[in-house]
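Below is one structure, written out as structure tokens, with a few remarks after it.
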Amino acid sequence: MTARPAYGAFCIGLFAFSALAVFFVVPLFFMVVVSFYKPDPMGFYKVTFVWENYQKFFASFYYKVSLRSLYSSALGAVLVVALAFPTAIAVSNLSRKWQLFWVILLLSLMCLSEVIIGFAWLIILSESAGIPRLLEFLGLWTNPRSLSPSFWAMMIGLVFLGFSVVTLMIYPQAAKRDRSIEEAAVTLGTPPSRVFTKVLVPSFRPTLISVTLTMFVYLLGVFVMPTMLGRPKDWTMTVIISDKALGDANLPLGAALAVVMLVVTAITLAVALLAERHGQR
Amino acid sequence: MTHRASIMFLTLVALFLIAPFVVVTGVSFGASNTIAFPPKAISLRWYQTLITEPDWLKAIGLSLLIAAIAATISVSIALAANYALWRTGSGLSKLVFALGIGPFLLPPIILALGASLFWAEVGWYGRMEATIVSHGVFFVTLPLVIIARGFASLTKEVIEAARMLGATETQVFRTVVLPLIAPYLITGFALVAIISVNEYLIANMIAGFVVETLPIKIFNNVRYGYSPVVASASMLFVAITVTALLVLARLTDLIGLLGASKED
């Protein structure tokens, strides 16, 4: 941009680089290193090189937990996108004032703590103050019981959590889309539901695939919903990792589980990136 | 979707999104000692408990302090990265940008565990400073992307004019660049602060047993038997979050910032 050498700007860039390198990259590297250390019941760990933490992962229990996590995250991601995509399209058709209302609502929900959302659902599903009580009042359920903890309570929590994020990810593209094909289809007498499935879904396919994969990774990392709304048998890998690290103080095993999760995450994100690139061509 | 069907659909979605908070509000204004909705009698006692009990006050104060400093750190890093990219366009600054997107994409548990191991090694495990620095670095993605929009909005002519009139780089930055990107800085700051106030997992794994922030306190309360004071604490949160975003909507063009304006 200028003929003058930009030493100042270089130093400023170096500051940003070091901050991220030291406090983001180094901890991740260190975690990989610790995953090869030996657990020490007396302290944190013994510095050696062992494979036993990874061997433990492939011994049934953790293996099953991860498969279950993969299943609930995948199901959650598909449900979230199925709900968020029509919402984003519908919001983009509103007046600017109502669009702003939705943006603020969604941003609030996106920023709101998992803890608060989990607590709110815990209450709305409880026998003393929520849907069960409403059903009793309406005479639909004579002896109401709490609906949580259960698999579907956890699922509602996950969908609720992911919904605002995905809608906000799709919305900008929905707002800027070229509406001429839709309008042409409508003019030719195509029913609106067919316009949605035959015009909108195909034209957003690359986005929908990459957003679903991103959401899958996001839900894999959710901690509060499984612990608050799910049963222990619904607990995901995230809960187990935190349990190993904080509860049992078995940091090397927790680190190994986290490294496995990191690998799954990296592969999923790479596929998402490829899907998006492929769609752009 | 026909127009009417789409409005009906949106109304249902809005109900699904808002209903939990209506119930929590009801519970928080209840007079009884147990969680009940609809409340039999209205009272403010749980809000009174919240703002008079030192335990809750301390958690609120800690959360706000951590959020304010973490947001400052985050915006400084994001501004530095963007300035370097804008001035030099070097490979290093592009690398910084790529690194800054990373924390947003990774599951927080991985960041949290990495950070807690790192801080244990450094000797800051269980200290508030560690939570602050980690929050500041991990939440850099949003300000990074938002401030980049600010720099993209700067026109070359304004900068060139300032330089031709003999302004030094520092003067150009202080008098031309900074005022023009200020709304983006404020938005980035506010978003990081809001996210930090609400964050549970990272704060808990780095120092949760000593530095009890509001989400950690609420979580512990819910886990080990709870009273309606949790509902009032939650509603305080919702109020802080929504107010901050409404103020932000007044100050800046939120729809435009999301990149949803047709003119982009």
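The values are calculated or read from the model by the stated rules, or taken from the named source; none is laboratory data. Since the structure is predicted, the reported quantities are computational estimates derived from the model, not experimental observations. Counting neighbours? That spans all protein chains shown, and the Cβs are built from the backbone with ideal geometry, glycine included. Accessible surface areas use protein heavy atoms only, side chains included; no ligands, DNA or RNA. Shrake-Rupley method; radii C 1.70, N 1.55, O 1.52, S 1.80 Å.
Is there a simple number for the mean count of other chain Cβ atoms within 10 Å of the Cβ of residues in B:13-19, and what is it?
Averaged over the peptide's residues, the number is 5.
To the nearest whole number, what is the average tally of beta carbon atoms from other chains within 10 Å of the beta carbons of peptide B:115-123?
The per-residue average across the peptide is 6.
Average partner chain C-beta neighbours within 10 Å, per residue of A:260-272?
2
Considering the options A:S108, A:P132, A:A272, tell which one lies farthest towards the positive end of the dipole of segment A:57-280, charges being +1 on Lys and Arg and -1 on Asp and Glu at the Cβ, about the Cα centre.
A:A272
Tell me, what is the Rg over Rh of segment B:5-140, with Rh the Kirkwood radius over Cα pairs?
Across segment B:5-140, the Cα-based Rg/Rh ratio is 1.14.
Determine the shape class of the protein assembly as shown: with a ≥ b ≥ c the square roots of the Cα gyration tensor eigenvalues, call it rounded for a/c under 1.5, and otherwise prolate if a/b is greater than b/c, oblate otherwise.
It comes out rounded by the Cα gyration axes.
Where Lys and Arg each count +1 and Asp and Glu each count -1, what net charge lies around B:T187 among other residues with Cβ under 13 Å from its Cβ?
My count for the surroundings of B:T187 gives +1.
Which percent of the accessible area of segment A:1-111 is formed by carbon and sulfur heavy atoms (probe 1.4 angstrom)?
Carbon and sulfur: 76 percent of the exposed surface of segment A:1-111.
At 222 nm, what helix-only mean residue ellipticity would the protein assembly as shown give, in deg cm²/dmol to the nearest 500, using -39500 (n - 2.57) for each DSSP H run of four or more?
-23500 deg cm²/dmol
Among B:106-115, B:215-224, what's the highest-first ranking by average C-beta atoms within 10 angstrom per residue?
Per-residue mean Cβ counts within 10 Å order the peptides as B:106-115, B:215-224.
Which of the peptides A:236-244, B:250-258, B:59-67, B:166-174 is most tightly packed, and how do the rest follow, going by the mean number of other Cβ atoms within 10 Å of each residue?
Top to bottom by mean Cβ count within 10 Å: A:236-244, B:59-67, B:250-258, B:166-174.
So, with a 1.4 angstrom probe, what is the percent of accessible area on segment B:57-254 that is carbon and sulfur?
Carbon and sulfur atoms account for 68 percent of the accessible area of segment B:57-254.
Along the charge dipole of the protein assembly as shown, Cβ charges K/R +1 and D/E -1, which of B:F139, A:N143, B:S227 sits furthest on the positive end?
Most positive-ward Cα: A:N143.
Using a 1.4 angstrom probe, figure out how much accessible area the protein assembly as shown has per residue, in square angstrom, rounded to the nearest whole.
Counting only protein heavy atoms, the per-residue value for the protein assembly as shown is 45 Å².
Among A:A88, A:S72, A:L200, which residue has its Cα furthest toward the positive end of the charge dipole of segment A:57-280, with +1 on Lys/Arg Cβ and -1 on Asp/Glu Cβ?
The residue sitting farthest along the positive end of the dipole is A:L200.
Can you give the percent of C-alpha pairs in segment B:57-254 whose distance is more than 29 Å?
32
Give me a comma-separated list of calculated 3J(HN,Hα) values for segment A:171-183, in order, Karplus coefficients 6.51, -1.76, 1.60 applied at θ = phi - 60°, integers in Hz, x for any Gly or Pro.
3, x, 5, 5, 5, 9, 5, 7, 8, 5, 5, 4, 4
Given Cβ point charges of +1 (Lys, Arg) and -1 (Asp, Glu) and nothing else, what value in debye, to the nearest 20, does the dipole of chain A about its Cα centre take?
540
Taking amide H positions as placed in the peptide plane 1.01 Å from N, state which residues far from A:Y45 in sequence (5 or more) or on other chains have amide H under 5 Å from it.
A:D40
Nearest 100 Å², what total accessible surface is buried between chain A and chain B (probe 1.4 Å)?
In total, this chain pair buries about 8100 Å².
If you take the square roots of the eigenvalues of the alpha-carbon gyration tensor of segment A:57-280 and sort them as a ≥ b ≥ c, do you get rounded (a/c under 1.5), prolate (a/b over b/c) or oblate?
Here segment A:57-280 falls in the oblate category.
Hey, what do the phi angles of segment B:62-76 turn into as Karplus ³J(HN,Hα) couplings, whole Hz, using 6.51/-1.76/1.60 and θ = phi - 60°, x for Gly and Pro?
In residue order, the calculated couplings are 4, 4, 5, 4, 4, 4, 5, 6, 4, 5, 4, 4, 4, 5, 4 Hz.
Starting at the first residue of segment B:170-178, write each ³J(HN,Hα) from the Karplus equation 6.51 cos²θ - 1.76 cosθ + 1.60 with θ = phi - 60°, in whole Hz, x for Gly and Pro.
Taking θ as phi minus 60°, the curve returns 5, 5, 4, 5, 5, 9, 10, 5, 4 Hz for segment B:170-178.
Kindly rank B:198-208, B:84-94, A:119-129, B:6-16 from highest to lowest mean number of other beta carbons found within 10 Å of each residue.
Output ranking for B:198-208, B:84-94, A:119-129, B:6-16: B:198-208, A:119-129, B:84-94, B:6-16.
Show the residues, 5+ positions off or on another chain, whose built amide H is closer than 5 Å to the amide H of B:G30.
B:S43
Hey, what does the equivalent ellipsoid look like for segment B:117-224, semi-axes from the Cα gyration tensor as sqrt of 5 times each eigenvalue, largest first, whole Å?
Taking √(5λ) for each eigenvalue gives 40, 15, 9 Å, largest first.
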